[in-house]
Amino acid sequence: MLGRSYNAAGFNFALHKIKELKPAAYDWLLKIPAEMWSRHAFDERLKNDHVTNNISESFNNWVGDLRSKPVLTLVDGLRTKLMCRLQKRKLKGLKMSGDLVPNIVKELNKIKEESRKYHLLVTGEHEFEVQDHNINYIVNLRTRTCNCRVWDVSGIPLLDPTFWPQDLEVEPTNLLPPIIRRMSGRPKKNRRKEPSKAPNVVRRSNMVRCKVCNDLGHNKRTCPVSQHKGKDLELDVPLAQLASRKRKTNGSSSQSVAPTKTNKKTKAKSLSQLVPKPPISSSQP
């Protein structure tokens with residue numbers, strides 16, 4: 001009853017009952033937007049009162065193996081499927097009689113049987129009051145609205161049109177649903193995913209490769225090669241060596257000293273300087 005209620009009064013009544021029985025469920029329902037699962041908050045332009053995802057499941061089954069095909073193959077496959085489907089429905093429609101399809105006629109006949117318990121009062125030229133025991137509904141044929149919102153949401157009137165006064169000179173099948181008004185803002189194009197499905201998360205590697213020096217650990221904006229742009233660079237210094245300078249700490253860069261060649265004489269001379277000389281005695285023979 002909570003999700004299938006067409007008006008806010010029935011929705012609030014069922015929601016209050018749930019709050020009395022289980023407050024945790026009441027708090028959980030308030031976190032979900034009502035326009036996602038309750039009829040009373042559906043967009044009136046859609047004229048669809050289904051509260052299940054049977055339509056999407058049926059469409060996925062109809063598409064079949066085309067879902068895994070490339071884009072061009074998918075589009076061409078959908079085109080052929082639609083072409084065959086329209087031809088089948090055309091042949092089926094040629095066998096029908098009347099202005100309404102059989103499903104709508106069956107639905108109106110069901111409403112006609114249920115409308116025998118209602119009492120109709122004329123309150124104006126195009127306005128009526130429908131009484132159902134202690135509940136009253138106001139129907140306006142000019143604005144094509146009903147405060148029960150069954151007509152607004154589903155496009156099908158609650159009371160069968162054949163029970164309305166015949167002096168209005170209006171055929172029941174010519175009555176249109178409420179006028180569709182375009183909502184403000186840009187219409188949404190993305191498909192609404194089910195809450196149970198996890199969002200698609202694109203995982204990216206934390207390791208960044210520079211496009212200038214092709215080295216890891218930095219990007220082109222922090223690359224040492226790009227920072228030296230405009231300065232005099234040594235042509236014989238490779239790019240990898242310039243990139244490695246970024247990793248060294250400031251002021252701690254070591255300078256390599258080329259070893260000097262020493263011969264045996266210089267080594268012996270240096271060793272003789274290190275050996276202490278014996279003291280000279282002052283005694284004479």
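With each label point set 7 Å from Cα along the Cα-Cβ vector, what nm distance links Met1 and Val101?
In this crude spin-label approximation the distance works out to 3.3 nm.
What pairs from Lys81/Lys189; Lys69/Lys211; Lys47/Lys193; Lys22/Lys189; Lys17/Lys106; Lys88/Lys110 go past 25 Å between their alpha carbons?
On the way: Lys81/Lys189 23 Å; Lys69/Lys211 35 Å; Lys47/Lys193 21 Å; Lys22/Lys189 37 Å; Lys17/Lys106 34 Å; Lys88/Lys110 28 Å.
Cα-Cα > 25 Å for Lys69/Lys211; Lys22/Lys189; Lys17/Lys106; Lys88/Lys110; rest within.
So if we plug the beta-carbon distance of Arg85 and Glu113 into 1/(1 + (r/R0)^6) with R0 = 30 Å, what FRET efficiency do we get, rounded to 0.05?
On the way: r = 33 Å, r/R0 = 1.10.
Efficiency, rounded to the nearest 0.05: 0.35.
Evaluate 2.2 N^0.38 Å with N set to the residue count of the stretch 1-52, then give the Cα radius of gyration divided by it.
Details: Rg = 11.2 Å, N = 52, 2.2 N^0.38 = 9.9 Å.
Here the Cα radius of gyration is 1.14 times the empirical estimate.
Binning at 10 angstrom from zero up to the longest distance, how are the C-alpha pair distances of the stretch 53-95 distributed in percent?
In whole percents, the pair-distance histogram is 26, 43, 27, 4.
Each reported figure results from applying straightforward, stated rules to the coordinates on display, with no laboratory input. Note that this is a predicted model, so its numbers are computed, not measured. Please note: Cβ atoms are built from the backbone with ideal geometry, for glycine as well, and neighbour counts cover all protein chains shown.
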